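K.L.:
I'd like to ask some things about the structure below.
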Amino acid sequence: MPLIPGARLGAYEVLSALGAGGMGEVYRARDTRLKRDVALKVLPDAVAGDQKKLARFQREAELLATLNHPNIAAIYGIEEADGAVGLALELVEGDDLSHHIARGALPLPEALAIARQIADALEAAHERGVIHRDLKPANIKITPDGRVKVLDFGLAKMLEPGASSGDFGGGSSGPRPSALTMPPAMASPAMTMRGAIVGTPAYMSPEQARGTPADRRADIWAFGCVLFEMLTGKRAFDAGDSVSDAIVAVLSREPDWTALPADLPPRVRTVLGRCLQKDAGSACATSRMCASSSMRSRSMRPRPPSSRRRPPRSGGPRGSG
């Protein structure tokens, strides 16, 4: 049942509704103990009413709370009261990236500056063994001063049925066998409760689309999709919200490489080609890891406007080999 302004969940007083989705309803709330505003995510009943899931959620929240990075929205704690469970999160002011993209392709310097910060956030999380698994423009906030904040790190994994502690898949040994083996849009708690699609299928990696456990490669693929969308104003794999159509697009189609800006630095074209490489083998893993590292390089700058370059061939980006 939705909370109304003035309602309390433990020490948190609800101020207003911020949104709702498959992973719970989100409110602007006041922490009456520390006198600060937070984002309060009230978890679905399927989690709050199941002690096993709740215990797992607590363990994974403790891991996520160790993430301390300027480009990652922080987790403050878990609050339980009257059968409801809320996750207190850093309240990030500003529009999410999807609102910026809705106005059209971003200017090249702005897109690259945002991409570097997203890559920094992913790198920091992956080093801690945490993958996002639902990276998309709606989960990326841009503050009024231009800082990127990636939201909901790990929450998709935490709320999956059957996931176990350590299934984030960021370690060198890869994901454990108990990791979820269905795409998040097809097997989330909200999917089983309401038949709703959780997450955007267009950002699923080929590994997720094939039903194999997701690891950090899934985040890097999604990063490539987000970067392509910032640069072109359209999705790399636009198949609406149909899971089946999205799987077909991700597995069998190529982005419209000719839509990329003509003055895009060759190294960025290479990064995109590596991020969106479909081969799920070890070469793909290495390629995507290199892409993430390259994107964080401060030498990744747009060329001066006077330097022009022909668009890439339709078969793929220049330098992606």
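K.L.:
List pairs: first in segment 226-237 and among the acidic types (Asp, Glu), second in a helix (DSSP H, G or I), Cβ under 8 Å, 6+ apart or cross-chain?
P.N.:
Sorted first by the residue in segment 226-237, then by its partner, the pairs are Glu229/Ile101; Glu229/Pro137.
K.L.:
When you go through Ala11, Ala17, Ala61 one by one, which is the residue that is surrounded by fewer than 20 Cβ atoms within 10 Å (Cβ to Cβ), touching a residue at least 60 places away in the same chain (Cβ under 8 Å), farther than 26 Å from Asp120 by Cβ and of a type in the set (A, V, I, L, M, F, W, C)? Can you show your working first?
P.N.:
Working: Ala17 fails: touching a residue at least 60 places away in the same chain (Cβ under 8 Å); Ala61 fails: farther than 26 Å from Asp120 by Cβ.
Criteria check complete, one pass: Ala11.
K.L.:
Moving to a separate point now. When Met230 is evaluated against the numbered criteria (1) at pLDDT 75 or above; (2) assigned to a loop (DSSP other than H, G, I, E, B), which criterion, by number, is the only one it fails?
P.N.:
(2)
K.L.:
Turning to a different aspect of this structure: Here are Ala218, Ala249, Ala222, Ala209: which of them is assigned to a helix (DSSP H, G or I), touching a strand residue (DSSP E or B) at 6+ places or on another chain (Cβ under 6 Å) and either loosely packed, with under 15 Cβ neighbours inside 10 Å or assigned by TED's automatic domain parsing to the domain that holds Ala115 (or both)?
P.N.:
Values: Ala218 fails: touching a strand residue (DSSP E or B) at 6+ places or on another chain (Cβ under 6 Å); Ala222 fails: touching a strand residue (DSSP E or B) at 6+ places or on another chain (Cβ under 6 Å); Ala209 fails: touching a strand residue (DSSP E or B) at 6+ places or on another chain (Cβ under 6 Å).
Of the residues listed, the single one that is assigned to a helix (DSSP H, G or I), touching a strand residue (DSSP E or B) at 6+ places or on another chain (Cβ under 6 Å) and either loosely packed, with under 15 Cβ neighbours inside 10 Å or assigned by TED's automatic domain parsing to the domain that holds Ala115 (or both) is Ala249.
K.L.:
Additional query: In segment 86-101, how many residues are under 19 Å from Ser16 (Cα atoms) and exposed (fewer than 15 other Cβ atoms within 10 Å of the Cβ)?
P.N.:
Going through segment 86-101, the residues under 19 Å from Ser16 (Cα atoms) turn out to be 86-96.
From what is left, the residues that are exposed (fewer than 15 other Cβ atoms within 10 Å of the Cβ) are 93, 95.
Here the count works out to 2.
K.L.:
Then there's this: Can you tell which of Pro255, Pro261 is touching a helix residue (DSSP H, G or I) at 6+ places or on another chain (Cβ under 9 Å), crowded, with 22+ Cβ neighbours inside 10 Å, outside any helix (DSSP H, G or I) and at pLDDT 90 or above?
P.N.:
Working: Pro261 fails: crowded, with 22+ Cβ neighbours inside 10 Å.
Criteria check complete, one pass: Pro255.
K.L.:
Tell me, please, whether a residue that is surrounded by fewer than 17 Cβ atoms within 10 Å (Cβ to Cβ), modelled with pLDDT of 95 or more and more than 19 Å from Gly19 (Cα to Cα) can be found in segment 74-85.
P.N.:
no
K.L.:
Now, a different point. Need a quick list: strands (runs of 3 or more DSSP E) entirely within segment 1-98 having at least 1 residues that are of a type in the set (Lys, Arg). Walk me through it before giving the result.
P.N.:
Details: elements: 12-21, 24-31, 36-42, 75-81, 84-90.
Output list reads 24-31, 36-42.
K.L.:
Here's a follow-up. Out of the residues in segment 1-49 meeting the condition of being β-branched (Val, Ile, Thr) and at pLDDT 95 or above, tell me which one is nearest to Glu93 (Cα to Cα).
P.N.:
To start, the set of residues in segment 1-49 that are β-branched (Val, Ile, Thr) comprises 4, 14, 26, 32, 38, 42, 47.
Checking the rest, the ones that are also at pLDDT 95 or above come to 14, 32, 38.
Working: Val14: 17, Thr32: 20, Val38: 10 Å.
Within segment 1-49, the match that is nearest to Glu93 (Cα to Cα) is Val38.
The values are calculated or read from the model by the stated rules, or taken from the named source; none is laboratory data. Source: prediction; values computed, not measured. As a convention, Cβ positions derive from the backbone with ideal geometry for all residues, glycine included, and neighbour counts pool all protein chains shown.
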